[in-house]
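What follows is calculated from the coordinates using simple rules that are stated; it is not laboratory data. Just so it is clear, the structure is predicted and the values come from calculations on it, not from any experiment. Please note: Cβ atoms are built from the backbone with ideal geometry, for glycine as well, and neighbour counts cover all protein chains shown.
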Amino acid sequence: MTANIKKSTGYQFSDIKKSVLIYYIVIIAVQVLSLVITHTIKSNSPVILTVYGSSTVDMATTIFLFVVGLCTFKENFGMLLQNGFSRRSILVGRVLSFGAIAGLMTIIDLLLTLLFNMIGNAVGNFSVTTTFEVIYGSGGFGWQLLGVLCTFLLYLAVLLVGYCISLMFYRLGKLGKVLVGAGVPALVGIVGPILDLIFTGGKNYSAIDNFFTVIFGYDQHQPWYAVATLTVISLLVSLCTWLMLRRATVRK
Amino acid sequence: MAIEIKGLTKHYGNVQALRGIDLTLEAGKIYGLLGRNGAGKTTMLNILTGRQFATAGSVTLDGAPIAENDESLRQIYMLSEATYYPESMKVREAFKWSAEFYPNFDDPYADELAGRFGLNVNSKVNALSTGYNTIFKLIIALACGARVLLLDEPVLGLDANHRDLFYKSLIECYAKTPCCVVISTHLVDEVSPLVEDVVIIHQGTILKSLPREELLTQGYTVTGAAAKVDAYITGKNVIGTDAIGGLKTACILGERGEGAEGLEFNGLDLQRLFIQLTND
């Protein structure tokens with residue numbers, strides 16, 4: 001790794017560090033509060049923490065990281081160009097810093113899951129799950145490791161997708177921003193399903209749904225499909241990001 | 001060490017910002033980059049630092065292309081009107097990161113300059129006034145130890161005292177480490193004593209690129225009654241005239257000829273020459 005990439009990675013990692021710290025303070029506070037409230041209610045039936053439990057930690061982390069990806073382009077790009085970094089060093093540093101953040105947060109989420117499981121067992125009426133287990137089921141140590149890998153790749157992919165989207169909006173003109181920002185969600189979320197329902201009885205959207213079920217291995221409980229899919233998504237998104245970044249210029 | 005600019009051209013749609021610029025910037029010199037608004041100064045400096053891309057032409061540092069070259073880019077620091085430091089970053093943090101990015105960054109000197117200018121290092125960048133924002137960037141430029149300093153409007157928003165302090169600090173820094181300094185400014189008279197070479201850019205082309213002394217000895221001014229001046233300048237290479245009431249001043253390129261009764265002869269000053277050369 002060249003010195004510049006190391007510096008670029010260090011700066012971009014440091015830029016996210018504080019947000020991550022605040023995020024976990026909030027998450028832990030919410031978890032503790034929910035445990036206290038649940039324990040106070042003293043329900044006799046076993047409580048599965050699907051609302052406040054660890055399954056929401058990894059989903060909450062996924063959403064948080066997508067927002068982080070969306071928010072980290074513009075300021076960093078200007079700062080690093082100002083300080084003599086090439087676009088290549090900026091992107092490589094960005095991907096490496098995202099990898100470090102995704103890895104770190106995967107481990108923290110795993111530790112939080114274990115911690116809340118311990119507390120749940122001590123209290124006696126809690127069971128804590130992860131999204132991976134909800135989708136693919138439980139298993140032995142190898143299965144758990146696969147769950148960690150899937151979570152890491154999911155976190156990395158959403159960071160990269162968020163970053164790519166913010167770069168795309170940075171590169172687009174005013175009209176492009178409106179068309180993509182409003183047009184695409186309206187087309188995909190409203191107009192598309194209505195037209196599909198009218199003309200094909202919803203077959204196309206059903207096919208898309210099936211496609212995602214297959215590539216993430218939901219139906220066959222095959223997390224390796226998800227590992228492959230998330231890896232391909234990360235690579236493709238990184239490539240798209242590079243194509244847009246290599247000719248990006250500074251703006252006031 | 002030299003920056004070589006060859007055939008540098010930049011188009012923004014139908015607008016030609018730079019038209020095939022050829023220029024060499026050498027180490028150990030302070031350049032004054034002068035040009036009217038929209039002449040192409042900032043565009044040229046942005047291309048030199050890889051912030052924008054040229055439509056055609058090349059820019060090299062010691063023979064190596066600058067664009068997307070980390071090694072070359074690291075040796076150049078550009079102070080621009082726009083601030084690219086994060087708004088919520090504190091001045092002290094910006095110094096810390098500058099030290100991380102520039103191996104020769106002189107942290108104690110940065111602190112000393114902050115003290116001289118009265119800059120609070122615990123302020124956030126977005127809390128600084130226009131003048132202090134410029135001072136903040138000036139301090140990093142002077143302390144970073146880069147071999148090339150490109151200063152685009154370095155006195156924006158600075159009061160006379162701070163401008164004077166900046167010029168003194170620049171000379172002090174330059175005496176310590178003679179680097180290549182390019183000052184792009186509209187305050188021609190103020191930077192005139194500082195610069196060794198003058199580059200005048202007009203409508204995207206280089207009009208003049210000469211040592212200041214050589215440029216100023218290329219001509220002279222003659223002042224007197226309008227009729228006498230008109231008679232004197234006939235057949236001479238006049239680059240411009242000013243008239244106030246019955247009094248006229250003409251700027252003439254070439255050797256000063258025989259004196260004429262009732263006329264006053266003076267040397268050219270940089271601002272007058274610049275105005276005459278760039279008047280459309």
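Looking across A:Ala186, A:Ala207, A:Ala182, one residue alone is free of Cβ contacts under 8 Å to residues at least 24 places away in the same chain, under 24 Å from A:Thr231 (Cβ atoms) and within 26 Å of the chain's Cα centre (by Cα). It is A:Ala207.
Of all residues in the stretch B:188-201, those satisfying the criterion of being surrounded by fewer than 22 Cβ atoms within 10 Å (Cβ to Cβ) and not acidic (Asp, Glu) are B:Val188, B:Ser192, B:Pro193, B:Leu194.
Look at A:Val67 and say whether it is within 14 Å of A:Phe152 (Cβ to Cβ) and surrounded by fewer than 23 Cβ atoms within 10 Å (Cβ to Cβ). Full working, then the answer.
Working: within 14 Å of A:Phe152 (Cβ to Cβ): no; surrounded by fewer than 23 Cβ atoms within 10 Å (Cβ to Cβ): yes.
It is false that A:Val67 is within 14 Å of A:Phe152 (Cβ to Cβ) and surrounded by fewer than 23 Cβ atoms within 10 Å (Cβ to Cβ).
With respect to B:Lys208, is the statement that it is of a type in the set (D, E, K, R) and under 13 Å from B:Leu277 (Cα atoms) true? The answer is yes for B:Lys208. Given (1) in contact with a Phe, Trp or Tyr (Cβ under 9 Å, 6 or more places away or on another chain); (2) within 27 Å of B:Glu213 (Cβ to Cβ), where does B:Tyr77 come up short, assuming only one miss? The number of the failed condition is (2). Name the pairs: first residue in the stretch A:69-90 and more than 7 Å from every other protein chain (Cβ to nearest Cβ) and touching a residue at least 40 places away in the same chain (Cβ under 8 Å), second residue aromatic (Phe, Trp, Tyr) and surrounded by fewer than 23 Cβ atoms within 10 Å (Cβ to Cβ), Cβ to Cβ under 8 Å, at least 6 apart or on different chains? Hits for this filter: A:Phe73/A:Tyr170; A:Lys74/A:Tyr170; A:Asn76/A:Tyr11; A:Phe77/A:Tyr170; A:Leu80/A:Tyr11.
With B:Thr241, B:Thr249, B:Thr177, B:Thr221 as the choices, which residue is closer than 30 Å to B:Ala17 by Cα, among the hydroxyl-bearing types (Ser, Thr, Tyr) and under 28 Å from the mean Cα position of the chain (by Cα)? After applying the criteria, what remains is B:Thr241.
The residue pairs whose first member lies in the stretch A:130-147 and is closer than 16 Å to A:Gly103 by Cα, whose second member is not in a helix (DSSP H, G or I), and whose beta carbons are closer than 7 Å, counting only pairs six or more residues apart or on different chains, are A:Gly147/A:Thr130.
Inspect the stretch A:115-136 for any residue being within 14 Å of another protein chain (Cβ to nearest Cβ), under 27 Å from A:Leu235 (Cβ atoms), among the polar types (S, T, N, Q) and crowded, with 18+ Cβ neighbours inside 10 Å and give the result as yes or no. Lay out the reasoning, then the answer.
Our first condition is that a residue be within 14 Å of another protein chain (Cβ to nearest Cβ); within the stretch A:115-136, this holds for none.
Scanning the stretch A:115-136 turns up no residue that is within 14 Å of another protein chain (Cβ to nearest Cβ), under 27 Å from A:Leu235 (Cβ atoms), among the polar types (S, T, N, Q) and crowded, with 18+ Cβ neighbours inside 10 Å.
Tell me, which residue of the stretch B:59-91 that is assigned to a helix (DSSP H, G or I) and of a type in the set (Asp, Glu) is surrounded by the fewest Cβ atoms within 10 Å (Cβ to Cβ)? Even if it seems obvious, please write down each step before you answer.
Initially, the stretch B:59-91 is screened for residues assigned to a helix (DSSP H, G or I), giving B:70-73, B:91.
Of the ones still in play, those that are also of a type in the set (Asp, Glu) are B:70-71.
Values: B:Asp70: 18, B:Glu71: 15.
Of everything passing the filter in the stretch B:59-91, B:Glu71 is surrounded by the fewest Cβ atoms within 10 Å (Cβ to Cβ).
The selection criterion, being touching a helix residue (DSSP H, G or I) at 6+ places or on another chain (Cβ under 7 Å), of a type in the set (Gly, Ala, Ser) and either under 28 Å from B:Phe274 (Cβ atoms) or not in a loop (DSSP other than H, G, I, E, B) (or both), holds for B:Ala54. In this structure, A:Lys6 does satisfy being charged (D, E, K, R) and within 12 Å of chain B (Cβ to nearest Cβ). In the stretch B:36-51, the residue that is surrounded by the fewest Cβ atoms within 10 Å (Cβ to Cβ) out of those that are part of a loop (DSSP other than H, G, I, E, B) and away from chain A (no Cβ under 12 Å) is B:Asn37.
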